[in-house]
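Enquirer: This is the structure, below, for whatever I ask next.
Laboratory data are not the source of any read-out in this text; all were calculated from the coordinates shown. On a predicted model such as this, the values are computed, not experimentally measured, just so you know. Cβ: placed from backbone, ideal geometry, glycine included. Neighbour counts: every protein chain shown.
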Amino acid sequence: MANHSPIGVFDSGIGGLSILKEIVKILPEYDYVYLGDNARAPYGPRSFETVYQYTWENVQKLFEMGCPLVILACNTSSAKALRTIQQVNLPKTDSKKRVLGVIRPTSETVGKFTKTNHIGILGTKGTVQSDSYKIEIQKFYPEIKIFQQACPMFVPLVENNEINTPATGYFVKKYLSALFAKSKKIDTIILGCTHYPLLKKVIMRNLPKGVRVISQGEIVAESLADYLLRHPEIKRKCSKGGKLEFYTTDSAIAFDKSAGFFWRNKIRSKHLAV
Ligand code: DGL
């Protein structure tokens with residue numbers, strides 16, 4: 001094993017830090033490399049082909065940095081690229097490396113939260129159009145009905161620090177009323193995008209009583225811990241030094257500045273050309 005073989009965490013930009021933060025909380029002993037493709041974000045409105053191509057390029061960069069395991073913290077990448085990477089790319093390139101996403105772990109657990117069996121998904125246009133949550137959740141819980149709503153304004157609102165403004169209140173109300181128009185029985189909502197946990201408070205304020213909101217960070221972190229226990233051959237390859245490194249495909253200065261929304265401590269990222 002190489003001395004430094006960190007777990008790679010990939011996102012289209014900075015939002016994936018909300019996932020990495022929860023992973024580091026419960027698995028602080030491992031080394032991590034975070035890569036944000038800020039130069040080409042957002043991925044949400046992009047085509048299947050483009051998201052797949054960008055995601056695979058970034059995953060290969062993380063492999064080159066020595067990562068034996070890469071987590072796609074980005075929902076849009078998990079929805080549009082993960083399956084092809086797992087089924088086509090990895091068997092052809094390096095079948096010993098692993099790439100995991102965020103949709104499956106979330107889908108596996110939702111059944112325990114709902115009583116009405118009506119679940120709402122909020123995500124980017126790409127995630128919603130892919131139907132990935134619907135497909136995955138119905139594998140585990142065929143009795144659950146899924147209702148989805150794309151929220152294209154949420155990512156720009158978060159990235160422009162508009163979280164507690166009337167503009168955000170307007171769009172939260174608009175998307176929630178569109179979601180509940182599809183079913184009044186929804187009792188659980190999944191925040192299926194890296195940025196949405198930052199809007200959780202505003203979303204909760206605008207929900208009917210008793211509706212539960214699930215953000216993914218903790219679920220993904222617990223699922224990773226469980227995966228490592230079940231896969232000692234991968235666990236052995238992940239180096240343990242507690243080191244965190246951050247890379248962005250755009251300006252490191254801009255990344256470090258905006259990372260503050262998602263990561264409480266100061267970040268010093270490095271630029272990586274794509
Ligand atoms: N990281 C993306 C996701 O979770 C949101 C930002 C983007 O659209 O690139 O879907």
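Enquirer: Can you list residues from other chains, or at least 5 along the same chain, whose modelled amide H is less than 5 Å from the amide H of Y34?
Expert: Residues meeting the criterion, in which the H sits 1.01 Å from N, are V9, E245, F246, Y247.
Enquirer: With a 10 Å radius around each residue's Cβ, average the other Cβ atoms per peptide and rank 66-76, 118-128, 137-147, 181-191, highest first.
Expert: Details: 66-76: 28.4, 118-128: 24.9, 137-147: 15.6, 181-191: 18.5.
Ranking the peptides 66-76, 118-128, 137-147, 181-191 by packing returns 66-76, 118-128, 181-191, 137-147.
Enquirer: Also, quick follow-up: Could you let me know the centre-to-centre spacing of the range 182-221 and the range 122-165, using Cα atoms, in angstrom?
Expert: Using only Cα atoms, the two centres lie 10 Å from each other.
Enquirer: Which of the three applies to the range 97-144, rounded, prolate or oblate, going by the alpha-carbon gyration tensor with a ≥ b ≥ c and a/c under 1.5 meaning rounded? It would help to have the intermediate numbers written out before the result.
Expert: Details: a/c = 2.12, a/b = 1.32, b/c = 1.60.
Judged from the Cα gyration tensor, the range 97-144 comes out oblate (a/c at least 1.5, b/c at or above a/b).
Enquirer: Something else now. Could you tell me how far the Cα centroid of the range 230-254 sits from the Cα centroid of the range 54-118, in Å?
Expert: So the two Cα centres are separated by 15 Å.
Enquirer: My understanding is that a pair violates if its Cα-Cα distance is over 19 Å; which of K240/K270; K112/K145; K173/K201 do that in this structure?
Expert: Values: K240/K270 21 Å; K112/K145 14 Å; K173/K201 13 Å.
Too far apart for the 19 Å limit: K240/K270.
Enquirer: For a 31 Å ceiling on Cα separation, which of these pairs sit above it: K21/K80; K209/K257; K21/K134? Let's see the in-between values first.
Expert: On the way: K21/K80 24 Å; K209/K257 36 Å; K21/K134 27 Å.
Over 31 Å apart, Cα to Cα: K209/K257.
Enquirer: Taking only Cα atoms, what is the 0 to 90° angle, nearest 10, from helix 17-26's long axis to the longest principal axis of the chain?
Expert: For 17-26 against the chain, the angle is about 70 degrees.
Enquirer: Using Cα pairs closer than 8 Å and at least 6 residues apart in sequence, work out the relative contact order for the range 178-274, in percent.
Expert: 21 percent
Enquirer: Here's a follow-up. Counting only other residues whose beta carbon sits under 9 Å from that of T114, what net charge do I get with K and R as +1, D and E as -1? Show your work: numbers first, answer last.
Expert: Values: positive: K112, K115, R212; negative: D187.
Net local charge, T114 excluded: +2.
Enquirer: Let me ask something additional. Report, in deg cm²/dmol and to the nearest 500, the calculated mean residue ellipticity at 222 nm for the chain, where each DSSP H run with n ≥ 4 adds -39500 (n - 2.57) and the sum is divided by the residue count. Walk me through the numbers on the way to the answer.
Expert: Numbers: 12 runs with 109 residues, N = 274.
Calculated mean residue ellipticity at 222 nm is -11500 deg cm²/dmol.
Enquirer: For I214, list long-range residues whose amide hydrogen, built 1.01 Å from N in the peptide plane, is under 5 Å from its own amide hydrogen.
Expert: Under 5 Å from the amide H of I214: I189, I190, L191.
Enquirer: Sticking with this one: If you take the alpha carbon radius of gyration of the chain and divide it by 2.2 N^0.38 Å, what ratio comes out, to two decimals? Write down the numbers at each step before the final one.
Expert: Details: Rg = 17.9 Å, N = 274, 2.2 N^0.38 = 18.6 Å.
Compactness ratio reported: 0.96.
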